[in-house]
Structures are given as structure tokens and as C-alpha cells.
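The block underneath contains the structure these notes are about, expressed in C-alpha cells.
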Amino acid sequence: MIKQNPLVMIPGPTPVAEPIRQALAGPTYGHTYGPFVEIYKECLAGLKTIFQADHVVAIGGAGTLSMEMGLVNTVKAGEEVLVLTQGYFGERFVPLAKALGIVPDVLTAPAGERVHLVDVEEKLKAKKYAAVTLTHVDTSTGVMGQVAELAALAKKYDTLFILDGVCASAGVPEPMKDYGIDVVITTSQKAFGTPPGLTIVAFNDKALARREQLGTVAGYYVDWKNWLPIMDNPSLYFSTPPVNLIQALAKAVRMILDEGLEARYARHEKIARSFRAGLTALGLELVTAADAVAPTLSVIKYPSGLDDAAFRAKMEDYGIVVAGGVGPLKGKIFRVGHMGNICINELSLTLCALERSLTALGIQVLPGAAVGAACAEWQKA
Ligand code: PMP
């Protein structure tokens, strides 16, 4: 059989649509060259629209650098932060805060569930925190947090609300003004459908005022104050931006706004429903509590006796890359990303490979059962 490049259906990086890949392959402009400056400006303006943000910084980096930027610009060493964790990536705020001398107080959700609002309120009532952090969609558990409700609680107790949108942004609504989010930290390789390599942080005037109060911060490249003049006028220089990646992101942002935010979020819901109809047809279950499932990925329990490495190797033989578990779920589950610029085509290929892999490993399923169920769901109005 002739091998093609496998379709990457992990929860990021996600498949890169051809117009975005072509934008990446554009000229490597000088970073202060007029035509590039215009592309950068358009990209930043589009990001502001997507997030309802007062300010946006988009630079070279990754999601973890965004997390660091979010904290370093808003919280002083010695101050306390309430870390709400619904999985492995929520917990990442703990070592990150500690590295900055910030004191994390952690509220951990039961496995596969959301943190309970009453528990959060109890914490906020008992003590004054400099900020609250929440992972919108935790990529390890598939749990989606209650953003609007938690942002409102943070506001009630006069605490800054920092949202990790890495596995949600551009696939799930994050309207900062409507919800009362102060900072969104995110990156390019998930629902933006752009290759990895970018740090994206959106914040409001309140978060910027906090940065001003801090005086100096424990970082230089991560300091918003060094970047904001460049974001206002990209013909100025602070540090060289990844010009090709910015062109790719600019194209992705244009595609998002052309699709329309509401339509894009609805498409993500439809993709999730269709994919899960396929999973149900095979008798597979999610680890995520039903009221907490995110539309951007599925975290699926292995049927008993199915070996993680053998299953994922078989999937790859059939042309599809899926991800294994992280943290306590390692070996017990597999993860499929279904976000960005994909549709029923990619879902069908994935579910077909899933049916074949299960069969090859001794779990009999009706060929076409999952693909049929997903297509039937997709065709509903
Ligand atoms: N937050 C979440 C929710 C993530 O899923 C990830 C990466 N998968 C990160 C943060 C870290 O992002 P990066 O790997 O780009 O540093």
C-alpha cells in the first residue's frame, strides 16, 4: 500500500488548511517592511475582534509562554493566585507560579468533572487572591470550564480572571467583555488551525492597569510593556517576530472572520456531536462528565483489554494519528482533536480507521457503523 502523510487528529497541532499553509510559504519579509506591517496590523485587529479585547500581543512562542506572560504581567512575587484545575494543563499553573515566586492555592476538580462554583466562591470569600486561573478546555481530560460563571465570581470578589484558552480559542466563544474575562492566554496550533510557534495573549484595560502598578516585572521578552508599542505600530522593533507564522495566522484569522464567529462555534458543536455519534455506535465512552464535555476534542476510554501502544500504532497504519493520555490517564484513554478547519471528511476518515483498528485488534464492529452514524448526525439540519 502506498503510504500518504498521516492525518494528524491529535488535539493540536491540528490539520493546517491549504490557504494557511500557502500563507506560511509566503515571502520572508523584513519584519518592519511595509506590506508585512499591514498584514501584522490586520491580524492583531482580527484577534481583538475575536476576543473583544482591548489589547492583543501575538509573538513567537507557545502556549506555555502565553501562560507565563499572563501571570508575570499581572501578579507580583509573594502574592497568591487561585488555580482552578480540571486536569494536567490546569495544574501547569502551579510550577509556573512557583517559578515566578507567586504562591498558588489549588482547587482540583474531581476526575473528569468541573470545579464546583460553591467551592470556588468559598475560596474567594475566605481570602484575597491577586488572580484566578482557569483552563477553558483541559486537553488532558476534555473538561470545559464554566467561564462566564467563574469570571463573574472573580469580578464579585475583585480578583483578576485569567483564562487559558489554548484548547478552546477560535473554536469556543471567549468574548472577554460579555463574560468579564481579564486575560486570555492562547496559541496558534489548535482551533486557529495554524502551525505551532506563536504566543497569543489578549487582555483588557484592567489587566494593563495591573501591569502598570507592578512597576518592573520578572522578565523582559514576556513584558507586555515592551510589546505594546510594537503591537500598535509593527514598523517599530523590539524583537524579531516570526514573519511567516504571522502571515499564516493573519490568513487563519481572516478565514475565521469570513466564516463568522457564531457559524464557526456552531460548526465545532456539530463536529463534536457527529464524532460522538460515531463513538456511541461503536460502544465507546468518554471519560468526561456529560455536563462538562468540550466541543474541541474527545477523550475516550479504552475498551477493556485494548493496548494503548498497539491501538495507536494500528491507527497510524491506517493513516490517522491520535494522541495517548497524559498524567493519570496515560495508557487508559486516547484523545482525538476535532477543531480548527476540519469537517465531516476528516471525521469520517478517523472513524473508519477506528473501526478497522478495533477489528484488527480483536474487537468486532460493524464496518461503516461509526461513519454512518456520524454522517447521519452531520446531515441533520
Ligand atoms: N494549555 C493547554 C490547555 C494545552 O492544551 C497546552 C498544550 N497542549 C498548553 C497549555 C501548553 O501549550 P504549548 O504546548 O503550546 O506550550
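Per-structure values
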read-out: Translational D in µm²/s for segment 265-337 (Stokes-Einstein at 20 °C, 1.002 mPa s, Kirkwood Rh from C-alpha pairs); value: 166
read-out: Antiparallel bridges, percent of DSSP beta bridges restricted to the chain (to nearest 5); value: 50
read-out: Neighbourhood charge, 14 Å Cβ-Cβ cut-off, centred on I271 and excluding it, Lys, Arg +1 and Asp, Glu -1; value: +3
read-out: Unit Cα scatterers, Debye sum, segment 207-313: log10 I(q)/I(0) for q = 0.11, 0.15 Å⁻¹; value: -0.72, -0.90
read-out: Segment 80-95-segment 14-72 distance, computed between alpha-carbon centres (Å); value: 26
read-out: Axial C-alpha extent at least 20 Å, average Kyte-Doolittle at least -0.5 - helices from the chain (DSSP); value: 34-51, 243-259, 344-360
read-out: Potential lengthening between E269 and K128 on full extension [0.36 nm per residue; Cα-Cα distance subtracted]; value: 47.1 nm
read-out: Extension reserve of the D317-D158 stretch, reckoned as 0.36 nm per residue once the Cα distance is removed; value: 52.0 nm
read-out: Length released on extending from T216 to E149, taking residue separation times 0.36 nm less the Cα-Cα span; value: 20.9 nm
read-out: Computed log₁₀ I(q)/I(0) - Debye formula, equal Cα scatterers, no solvent, segment 226-381, q 0.12, 0.13, 0.16, 0.19 Å⁻¹; value: -0.62, -0.70, -0.91, -1.14
read-out: Tail beyond 29 Å, pair distance distribution of the chain (Cα, percent); value: 43
read-out: The chain, dipole about Cα centre (Lys/Arg Cβ +1, Asp/Glu Cβ -1), debye to the nearest 20; value: 300
read-out: Spin-label model distance (nm) - K225 vs A99, 7 Å beyond Cα toward Cβ; value: 2.3
read-out: Shape box of segment 1-151 [Cα atoms, principal axes, largest first, Å]; value: 55, 48, 28
read-out: Centre separation in Å (Cα based) which lies between segment 115-147 and segment 319-337; value: 25
read-out: Assigned charges on the beta-carbon of Lys, Arg, Asp, Glu; segment 255-381 dipole about Cα centre (debye); value: 200
read-out: Among L84, L150, L306, residue whose mean-square fluctuation peaks in a GNM of the chain (springs only between Cα atoms under 10 Å); value: L306
read-out: Zone of T359's modelled label, taken as backbone nitrogen in segment 1-38 under 17 Å from a point 7 Å along Cα→Cβ; value: none
read-out: Helical contribution to [θ] at 222 nm, DSSP H n ≥ 4, -39,500 (n - 2.57), averaged over the chain, rounded to 500; value: -13000 deg cm²/dmol
read-out: Estimated FRET transfer efficiency when R0 is 51 angstrom, pair D54-Q4 (beta carbons, to 0.05); value: 0.70
read-out: Percentage, to the nearest whole number, of Cα pairs in segment 114-199 over 14 Å apart; value: 62
read-out: Segment 69-167 - Kirkwood radius from inverse mean 1/r over Cα pairs (Å); value: 13.1
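Every read-out reported here was derived from the displayed coordinates using simple, explicitly stated rules and does not represent laboratory data. Everything quoted here is computed from the prediction, not taken from an experiment. Positions of Cβ are generated from backbone atoms using ideal geometry, with glycine treated the same way; all protein chains shown enter the neighbour counts.
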